[in-house]
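The values are calculated or read from the model by the stated rules, or taken from the named source; none is laboratory data. The structure displayed is predicted, hence computed values, not measured ones. Cβ coordinates were reconstructed from backbone atoms using ideal geometry, including for glycine residues, and neighbour counts include every protein chain displayed. What goes into the accessible areas is simple: the full protein's heavy atoms, side chains included, and nothing from ligands, DNA or RNA. Shrake-Rupley method; radii C 1.70, N 1.55, O 1.52, S 1.80 Å.
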Amino acid sequence: MRELREMKATWIIAALGVLFTFAAPSILELFTIITLAQVIGLAILALSLALVWGFGGILCFGQTAFFGVGAYAYVIAAVNFGGSTWAVLIAVLVAAAFAAILGYFVFYGRVSDVYLAVITLTVTLILFSLIRRTSGPEYKVGNALLGGFNGASAPPLNYPWDVSAFMFPEQVFYVAMIALILVYIFCSWLVRTHFGRVCVAIRENEDRAELLAYDTRLYKLGIFTIGAAIAGLGGIFFCIGVSRVTPDVFSLSQSALTIIWVIVGGRGTLIGPILATFALYYLTSTLGSQSVLNTNLVLGTILIIFVLGVPKGVVPAVSDWIQSRRGRKALRARERRLQRRRPSGGQNVGSTEGAE
Amino acid sequence: MKHKAHTVLETRGLSMHFGGVHAVDRVDFSLRENELRCLIGPNGAGKSTFFKCLTGQLNPTAGDVVIRDIHVTGREPHEVAGLGVGIKTQVPNVFDGLTAEENIWTAARRWHKAPRAQTLTSQIIERLRLGDIRSTLVGNMAHGQRQWVELGMVIVAEPWLVLLDEPTAGMTHEETARTSELIKEINQSATIIVVEHDMQFVRSISQHVTLFHEGAIMMEGTMDEISSDPRAREIYLGSQA
Ligand SMILES: Nc1ncnc2c1ncn2[C@@H]1O[C@H](COP(=O)(O)OP(=O)(O)OP(=O)(O)O)[C@@H](O)[C@H]1O
Ligand SMILES: [Mg+2]
């Protein structure tokens with residue numbers, strides 16, 4: 001497994017994540033920890049789009065469709081089975097299957113990138129308006145009421161070995177954190193595999209990938225489906241964190257927010273969008289508790305600043321900056337060595353400094 | 001001894017019309033195994049369109065393409081490439097956001113397991129003298145270098161049929177000479193069609209030349225035969241003057 005050895009940065013970040021998970025109870029208030037479960041769900045959603053868009057080059061404007069489908073499928077399955085373990089698995093599979101069917105028509109129909117963005121967003125908004133109309137006792141799947149625009153309450157997680165032993169909110173936080181860390185490691189591995197590298201190559205130049213005898217439709221469908229499964233998992237933690245699922249998971253503003261997280265965090269990185277989700281969530285909840293500034297105005301401003309000023313996003317910009325500093329340091333060290341060896345040639349070598 | 005007479009690529013009545021433009025018009029073409037054929041013709045003669053019909057990038061309006069007894073008309077480009085056909089397009093077609101090494105590795109990995117792909121990639125990088133720029137993003141390279149990377153992607157896959165559309169465009173004199181050597185090397189094990197405008201270059205690599213004009217094959221023969229034909233001279237001198 002060459003890939004696993006190459007993932008040094010991933011392991012460090014994962015270790016920091018684990019450290020944070022264990023330190024959280026002693027540094028954060030219980031209320032914050034309980035809220036964090038839903039933010040982690042959103043971070044998993046952001047991670048899924050980071051994979052599909054950032055690496056697969058598929059601008060899926062409606063990644064939240066799979067997030068919402070995952071959440072609703074979890075609630076329906078958990079209510080009907082009276083337990084969460086199978087419900088989680090089923091919800092992830094339903095989200096993936098939904099994406100596989102949608103993706104089959106889109107990718108095998110050779111729909112262009114722009115239309116793909118429009119189609120996925122439209123699907124999300126259709127789900128939004130459909131599910132809003134399901135109030136009333138006649139709209140139920142098995143025993144689960146859909147609840148229209150009020151939504152339905154989401155059963156909590158239980159321990160896999162005992163359906164009557166429910167987890168406390170802070171325990172849900174642990175499970176969600178572990179899920180986020182594992183999914184992050186998985187994605188980091190995936191983009192380094194042959195499959196992942198071909199997806200990146202397709203992002204760069206689909207025609208070329210095809211002339212190299214890769215069936216690009218299949219690869220795009222693959223990464224799209226995997227991304228949807230991850231988004232579905234995010235939806236599960238989100239609705240458990242809020243203890244409800246409402247049609248708002250399919251709303252336009254949720255779709256837009258997800259895109260913003262990825263733009264701010266940086267396309268082509270996995271950790272960037274995760275961090276951006278936490279940071280922007282913190283920002284919006286702080287702004288929400290005051291009335292001077294309008295939250296959407298601030299978010300819009302941030303988006304504009306990033307698109308114009310830091311188009312690559314925070315994480316790529318920072319890592320570029322570190323690399324250029326390192327490069328300069330190495331250059332200076334080389335110059336010093338050269339100067340020591342040939343003191344007379346010093347001026348010549350020194351002149352490269354200005355070119356930096 | 002090789003069976004020189006064996007036909008590996010054939011088109012029958014191949015046509016590609018864009019509205020009223022007959023870019024390729026009823027072309028009957030055939031190529032024998034291990035041939036090194038040059039396609040020449042003035043701008044807009046339909047050479048690139050003809051290539052695209054061979055590779056599945058375009059779906060011909062009429063006619064048939066047969067590669068090693070397989071009808072490939074209307075197939076997807078990856079299916080044609082999957083038969084072992086290597087393609088270099090006229091516009092440099094590379095992965096800009098990846099390094100030279102990653103570009104070539106992606107091509108090699110399609111056919112081989114990871115360690116072998118890595119070995120082949122390193123060999124090609126050495127052979128094409130890309131060592132100094134192996135870790136450079138291809139998007140930051142000069143036109144000529146990008147051409148080399150693309151050639152690397154084509155040959156690392158060890159195709160048996162190679163289609164090269166203007167491989168020397170943007171190359172220096174010295175690079176062009178190296179490309180001509182490289183093409184002769186590949187020809188040891190592969191059948192090749194090269195589209196070129198540089199007559200010097202064509203003369204240096206090919207015995208058999210096909211002249212395209214207005215979407216059709218105007219004549220076939222040696223470079224000497226073609227350049228002594230008054231009609232061919234007129235087309236060429238007319239367009240290159
Ligand atoms: N996609 C297209 N749509 C409409 N017309 C096209 C298209 N592609 C090519 N053509 C036309 O078909 C004709 C042949 O073009 P083609 O690119 O095959 O010529 P070529 O021989 O490769 O020329 P060059 O030497 O300049 O590369 C031209 O008249 C061109 O304008
Ligand atoms: Mg051309």
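General observations
- Max mean-square fluctuation residue, GNM over chain B, Cα-Cα springs under 10 Å, options B:Leu83, B:Leu36, B:Leu163: B:Leu83
- Dimensionless Rg/Rh of the stretch A:93-238 - Kirkwood Rh, Rg from C-alpha atoms: 1.05
- Ranked packing of A:88-97, A:50-59, most packed first, by mean Cβ within 10 Å: A:50-59, A:88-97
- Approximate shape of the stretch B:91-157 as ellipsoid semi-axes (Cα gyration tensor, √5λ), whole Å, largest first: 18, 11, 10
- The stretch between B:Met219 and B:Arg12 holds 72.9 nm of extra length on full extension. This uses 0.36 nm per residue minus the Cα-Cα distance.
- Relative contact order %, chain B, counting alpha carbon pairs below 8 Å whose residues are six or more apart: 25 percent
- DSSP-defined beta bridges in chain B - what % are antiparallel, rounded to 5: 55 percent
- Here the stretch B:91-157 is assigned +1 on the Cβ of each Lys and Arg and -1 on the Cβ of each Asp and Glu. Its dipole about the Cα centre then comes out at about 280 debye.
- In this label model, B:Thr61 and B:Glu175 are separated by 3.6 nm, measuring between points 7 Å along each Cα→Cβ vector.
- Per-residue SASA remark: B:His213, around 60 Å² accessible (1.4 Å probe; ligands, DNA and RNA not included).
- Per residue, the accessible area of the protein assembly as shown comes to 47 Å², computed with a 1.4 Å probe over protein heavy atoms only.
- Heavy atoms of B:Lys184: accessible area, 1.4 Å probe, square angstrom to 10: 70 Å²
- For chain A, the longest principal axis of the C-alpha atoms and the axis of helix A:252-265 are separated by about 20°.
- Residue among A:Leu331, A:Leu102, A:Leu308 with the largest mean-square fluctuation in a Gaussian network model of chain A, springs linking Cα atoms under 10 Å: A:Leu331
- The three principal axes of the Cα atoms in chain A give end-to-end lengths of 90, 54, 47 Å, sorted in falling order.
- With a Förster radius of 41 Å applied to the beta-carbon distance between A:Gln323 and A:Ser164, the computed FRET efficiency rounds to 0.15.
- Using alpha-carbon coordinates, inclination of helix B:230-240 to the longest axis of chain B, degrees: 50 degrees
- Neighbour cut-off at most 13 other Cβ (10 Å), DSSP loop, chymotrypsin sites (Phe, Trp or Tyr not before Pro), the stretch B:103-200: none
- Area accessible to solvent at A:Leu283, 1.4 Å probe radius, in Å²: 60 Å²
- Euclidean distance between Cα centres, the stretch B:21-35 to the stretch B:97-153, Å: 31 Å
- Highest to lowest packing among A:107-116, A:63-72, scored as the average C-beta count within 10 Å: A:63-72, A:107-116
- Surface composition of chain B: carbon plus sulfur atoms hold 48% of the accessible area, using a 1.4 angstrom probe and ignoring ligands, DNA and RNA.
- Distance between the C-alpha centres of the stretch B:193-208 and the stretch B:213-232: 13 Å, rounded to the whole angstrom.
- Within the accessible area of chain A (1.4 Å probe), percent carbon and sulfur: 67 percent
- Tail fraction, Cα-Cα pairs, the protein assembly as shown, threshold 38 Å, whole percent: 46 percent
- Candidates A:Gly232, A:Ala71, A:Leu116 compared by Cα position along the dipole of the stretch A:2-312: farthest toward the positive end lies A:Leu116, with charges placed on Cβ.
- 10 Å Cβ neighbours from other chains, averaged over peptide B:82-89: 3
- Charged-residue dipole, Cβ positions (Lys, Arg, Asp, Glu), chain B about Cα centre, Debye nearest 20: 520 debye
- Accessible area buried, both sides summed, chains B and A with 1.4 Å probe, Å²: 1900 Å²
- Drop in accessible area of at least 30 Å² in the complex versus isolated chain, residues of the stretch A:165-206, 1.4 Å probe: A:His194, A:Arg197, A:Ala201, A:Glu204, A:Asn205
- Residue pairs, from the table B:Lys113/B:Lys184; A:Lys329/B:Lys88; A:Lys8/A:Lys312, whose Cα atoms sit over 32 Å apart: A:Lys329/B:Lys88
- Angle between chain A longest axis and helix A:8-27 axis [Cα atoms, degrees, rounded to 10]: 50 degrees
- Looking at the stretch B:108-173, the trypsin sites (Lys or Arg not before Pro) that sit in a DSSP loop and have at most 15 other Cβ atoms within 10 Å of their own Cβ are B:Lys113, B:Arg129.
- Dividing the Cα radius of gyration of chain B by 2.2 N^0.38 Å, with N the residue count, gives 1.00.
- When A:Val79, A:Val172 are compared by accessible surface with a 1.4 Å probe, the order from highest to lowest is A:Val79, A:Val172.
- Of A:Ala179, A:Ala152, A:Ala213, the one that fluctuates the most in a GNM where chain A has Cα springs shorter than 10 Å: A:Ala213
- Ranked from largest to smallest solvent-accessible area, with a 1.4 Å probe on the protein heavy atoms, A:Lys312, B:Lys52 come out as A:Lys312, B:Lys52.
- The Kirkwood radius of the stretch B:73-112, taken over pairs of alpha-carbon atoms, gives through the Stokes-Einstein law at 4 °C and 1.567 mPa s a diffusion coefficient of 111 µm² s⁻¹.
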